[in-house]
Structures are given as structure tokens and as C-alpha cells.
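To keep things clear, I will list the structure first and then write my remarks on it.
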Amino acid sequence: MKYEREIKTAFKISIPVMMGYGVLGFAFGLLLVSFDYPWYLAPIMSLFIYAGALQFVAINFFNAKAGFIDIAIASWFVNLRQSFYGLSLLKRFKNTGKLKAYLIFSLTDESYALLTTIKDNDQLKKRWYYFFLMAFNQSYWFLGSTLGAIVGSNIKFNTAGLEFSLTALFVVLCIEQYKSLKNSTPFVIGAISSLFALVFIPSDKMLIVSITISLLLLFFFKKRLNDE
């Protein structure tokens, strides 16, 4: 089979995300239909939007009947962090050709964590390995959300607390990042920045402020980080 090695490696690497996205996607599907939206909206959103946190937030947009401008601004703030992710992957995605557009579209927190934690195998065709890894991750979310929406349309569930499942997965991936880096400074900076923003900044601006503070502190302590 063509690209068999890339497919097998990508699938093996993506298993942790499969375990998380299957559950998270299912939770999203349940939550969506609990607000009386049609089940098929879940696979449509997971195919064309594919942004876990934003899809959960989008449900609130729909309920509040928010305008397109409001949704666009809020979406930009929610996903702004991925602009910084993308900067660190410019070199890695440089020679991916026509696949680059999909790799950019499908970049999520979890996919970024995998790409920056797992060492590349020089025997793999990198661009196809990246493509299959991203495609596997999106397929897990797509299948999970679709199944959750279908099940939720036929069986009633108590969906209280389901929105926290995305946070739980990100905490697990953060722990894996720490085990890989063996450097606590970035995590301490992130925690301090988040706590500061949580206490002193309005909730609607907390995310962007905490990210900005974290970046400034990381640049300030760049030499120390490199030495460690």
C-alpha cells in the first residue's frame, strides 16, 4: 500500500487524541442536540469548522442569536492562539505543497502537541505523515460528534458539565508536554499569566491577555529557557 508506513505511524501516534476526541466529540454532539438543533449540524460543523473549543462556544452564539460580526470577532479571539502555533510550524510545513492548506486548517491544540512532542522519523515522507496524522485526528472528532448527535437525538442525557471535557484533555496533553520538555519555566509562566488575567481582567478578554502576557514573559526569559 502506498504510504503504508506513514499511515501506520500516524495512526499509532494519534491514538491518545482518538481516545480524547471520541469522548469530546460525543459530548459536543450530545450538547448540540440538547438545545434542539438538528443532529446533522454536528458533522457539518466538525467537517468545515473543526475547532473543538469554538464549536462548544458556537452553541452559545446560536442560542444568543449573535450577529456575524460578533461571531467573527469572538472566533478570532478564541482561536488567536493558533496563530502563534502556526509560526513555530512554518519551517516544518515548508515543503508540504498542496497539503499545506489542509495542514493549516486542521491544526488544533492537540495536533500541535503531538507535532511538537513526538520526534520525526527520517524514514517517513514528512508531508504525508503530517497529513494522515491531521486527518486521523479530524476523523475522530467527526465520528465522535456525529455519533453523539445521533444518540442524543434518540436518548435524553443530562449534559451538565460536558463542556469541561475539552479542558480535561488539554490538561493531559500539557502534562505530556512537560514530561517531554523537562522544563517547568514555560508552564509556570503560563499559570501565573492565566491567574493574573483571571483575577484582574474581564472574562471576555482574559484569554487574549493571558496569551499576550505569557508571550512577553517567554521572550523576556528566552535566554534562561535556552540554557535549560
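The values are calculated or read from the model by the stated rules, or taken from the named source; none is laboratory data. Since this is a predicted model, take the numbers as computed values, not measurements. Neighbour counts are summed over all protein chains in view; Cβ atoms, including those assigned to glycine, are modelled from backbone coordinates with ideal geometry.
What the table below lists for this structure:
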item	result
Region 87-109: number of residues that are part of a helix (DSSP H, G or I), modelled with pLDDT under 85 and loosely packed, with under 14 Cβ neighbours inside 10 Å	2
Contacts under 7 angstrom Cβ, first residue in region 8-31 being under 13 Å from F136 (Cβ atoms), partner of a type in the set (D, E) and part of a helix (DSSP H, G or I), 6 or more apart	V17/E110; G20/E110
Qualifying position, being of a type in the set (V, I, T), under 15 Å from L32 (Cα atoms) and at pLDDT 75 or above, among T146, T159	T146
Condition check for Y50: within 30 Å of K2 (Cβ to Cβ), part of a helix (DSSP H, G or I) and in contact (Cβ under 8 Å) with a residue 12 or more places away in the chain	no
Criterion: surrounded by 16 or more Cβ atoms within 10 Å (Cβ to Cβ), of a type outside the set (S, T, N, Q), in the same structural domain as G152 (by TED's automatic domain parsing) and under 19 Å from the mean Cα position of the chain (by Cα) - qualifying residue of I15, I44, I71	I71
Residue within region 119-128 that is surrounded by 13 or more Cβ atoms within 10 Å (Cβ to Cβ), in a helix (DSSP H, G or I) and in contact (Cβ under 8 Å) with a residue 60 or more places away in the chain present	yes
